[in-house]
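Chemist: Pasting a structure here, questions to come.
Only the coordinates and a few stated rules stand behind these numbers; no lab work does. Owing to the predicted nature of the structure, the values given are computational and were not obtained by experimental measurement. Cβ sites come from the backbone with ideal geometry, for glycine too, and all protein chains shown count toward neighbours.
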Amino acid sequence: MKTRAAVYVEFQKPLVVEEIELPDPGPSQLLIKQFATGICHSQLHALHNPKTTTPRLMGHESTGVVVNTGSEVTHVREGDHVMVTFLPRSTVPGAKTPLPVVKWRDQEIHSHGNNSTWSEAILADANFVVPLDKSAPTDVTAVIGCAVMTGCGSVLNTARVQAGDSVVVIGVGGVGLAAVQAASNVSAYPIVAVDVDDEKLAFARRFGATHGVNSRTEDAVTRVIEMTGGGADFAFDAIGRQSTIATLLHYVRPGLAGYRPEGGTAVLVGVPRPEATLTVWDALLPGSKTFKGTNGGSPRPDHDLPMYVRWFQDGKLPLDLLVSRRYRLEQINEGIGALERGEILGRSIVEF
Ligand SMILES: [Zn+2]
């Protein structure tokens with residue numbers, strides 16, 4: 001079938017919104033008519049990488065309704081509402097998911113990752129599609145598949161933060177705010193948001209941040225060490241820039257031999273450049289600290305994504321606040337530009 005999508009054509013050029021042609025679903029694939037999709041920072045990394053040289057489809061979180069399924073798809077059926085994510089529901093080591101081949105201007109193109117949600121209709125593998133409760137709204141839930149899964153999951157799954165643990169979150173965009181909310185939901189304290197923008201710090205309080213530090217005007221590491229009495233139990237870097245990676249371990253408390261020998265844990269959540277470096281001495285010398293990475297919040301999507309929908313329905317995750325701006329597909333370059341300039345509080349979405 002024919003549909004319209006935002007296509008990445010060339011480095012540093014705007015995306016073009018044009019007709020593409022989707023093949024019929026393969027045995028493990030579904031055709032989804034989309035409700036909404038998020039505009040995510042990690043997609044900008046791909047757009048900004050000069051190594052991205054071939055035309056491709058972008059976007060990796062969305063909601064939609066199933067309109068057709070392949071013969072092997074059993075967990076959802078036609079008419080079901082679904083969330084699309086970028087990490088698989090189950091993994092067989094070594095097995096590869098066949099990516100749909102899409103036609104655009106008479107050439108065959110692929111998705112940048114496992115999905116391509118910046119499109120009115122998509123073909124997705126069943127491994128990346130999770131049922132969405134029909135009583136849930138279909139717009140703001142579009143940011144669960146990446147922002148919420150990654151931010152909340154880094155706190156719940158990767159770090160396993162417990163009640164009373166102290167937490168610092170560097171960068172309170174969509175992913176960072178989800179991390180703050182998850183920390184709040186498990187009763188972490190204090191929860192310190194660090195950002196360069198006072199408006200974003202104030203916004204983070206509405207997701208459960210108990211303190212805010214502007215790293216442009218204050219020495220954030222020193223302030224966090226003061227606030228937490230020696231360093232946080234957990235620090236989350238939701239940015240992934242070289243400068244934030246380099247200081248992340250400085251925020252967490254050292255282990256004290258003979259008292260509490262194991263130090264705090266730093267978690268890299270934001271997508272770093274491949275050449276990013278870390279000084280291992282920072283973990284070793286001040287005392288047995290841990291540096292961890294997380295791939296999208298170390299999730300089990302079938303378990304985690306419906307839980308976040310329930311959090312929203314129970315008032316524990318204000319997705320309607322997190323989604324602060326809405327665009328049409330034709331305006332996607334406007335949305336990307338606003339995100340690049342740091343103008344977006346929380347997350348923006350494209351509505352179809
Ligand atoms: Zn993302």
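Chemist: When residues of the range 203-250 are filtered for being in a loop (DSSP other than H, G, I, E, B) and surrounded by fewer than 19 Cβ atoms within 10 Å (Cβ to Cβ), how many remain?
Modeler: 9
Chemist: May I ask you to list the residues in the range 79-128 that are among the basic types (Lys, Arg) and under 17 Å from the mean Cα position of the chain (by Cα)?
Modeler: Hit for the range 79-128 is Arg89, nothing else.
Chemist: Looking only at the range 5-41, how many residues end up being among the β-branched types (Val, Ile, Thr) and either within 16 Å of Gln331 (Cβ to Cβ) or within 16 Å of the ligand (Cβ to nearest atom) (or both)?
Modeler: Residues meeting the conditions: 5.
Chemist: Of the residues Ile39, Ile32, which is buried (at least 16 other Cβ atoms within 10 Å of the Cβ) and out of contact with any helix residue (DSSP H, G or I) (no Cβ under 9 Å at 6 or more places or on another chain)?
Modeler: Ile32
Chemist: It is to be established whether one or more residues within the range 84-100 are more than 27 Å from Pro301 (Cα to Cα), in contact (Cβ under 8 Å) with a residue 40 or more places away in the chain and surrounded by 14 or more Cβ atoms within 10 Å (Cβ to Cβ).
Modeler: Within the range 84-100 (the criterion being more than 27 Å from Pro301 (Cα to Cα), in contact (Cβ under 8 Å) with a residue 40 or more places away in the chain and surrounded by 14 or more Cβ atoms within 10 Å (Cβ to Cβ)), the answer is no, since none of the residues qualifies.
Chemist: For the range 130-153, name all the residues that are more than 16 Å from the ligand (Cβ to nearest atom) and under 19 Å from Ala5 (Cα atoms).
Modeler: Once the filter is applied, which keeps residues that are more than 16 Å from the ligand (Cβ to nearest atom) and under 19 Å from Ala5 (Cα atoms), the range 130-153 yields only Asp139.
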